[in-house]
Amino acid sequence: MIEERKNACFIARDVSRQALAFAYFEDEPGRRSAAKLLTNDEARPIAANIAKLPEPPAPPIKARPTFGVRPQSTVRDQAVG
């Protein structure tokens, strides 16, 4: 879902209405070239495509820490000499 805000940007939102990206635009050529902004017609499809992206996968579940178990030492950990 996208929404236009104050005729200056499109906001791409996910299904929970979290803002994913802001695509700024300017239709006045002089201001657009000075600020290097997109036109309205260029910014809208970018925001729309971002809004269509699938939900990212859930982060992996972290393993529970094991208490009382010491990590095995490596050759680098042992003093030489």
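Using the Karplus relation 6.51 cos²θ - 1.76 cosθ + 1.60 with θ = phi - 60°, the per-residue 3J(HN,Hα) values for segment 24-33 come to 7, 9, 8, 8, 7, x, x, 6, 5, 6 Hz, with x marking Gly and Pro. Straight-line cross-link reach from LYS6 at under 27 Å between alpha-carbon atoms covers these lysines, not counting any fewer than eight positions away in the same chain: LYS36, LYS52.
Just for segment 2-55, what percent of DSSP beta bridges are antiparallel, to the closest 5? Write out the running numbers ahead of the final one.
Values: 9 of 10 bridges.
Approximately 90 percent, going by the DSSP bridge assignments.
Would you mind pulling out the separation of the Cα centroids of segment 10-41 and segment 47-61, in Å? When both Cα centres are located, 20 Å separates them.
Coordinate-derived values only; no laboratory data. Bear in mind that the values here come from a model prediction, so they are computed numbers and not experimental data.
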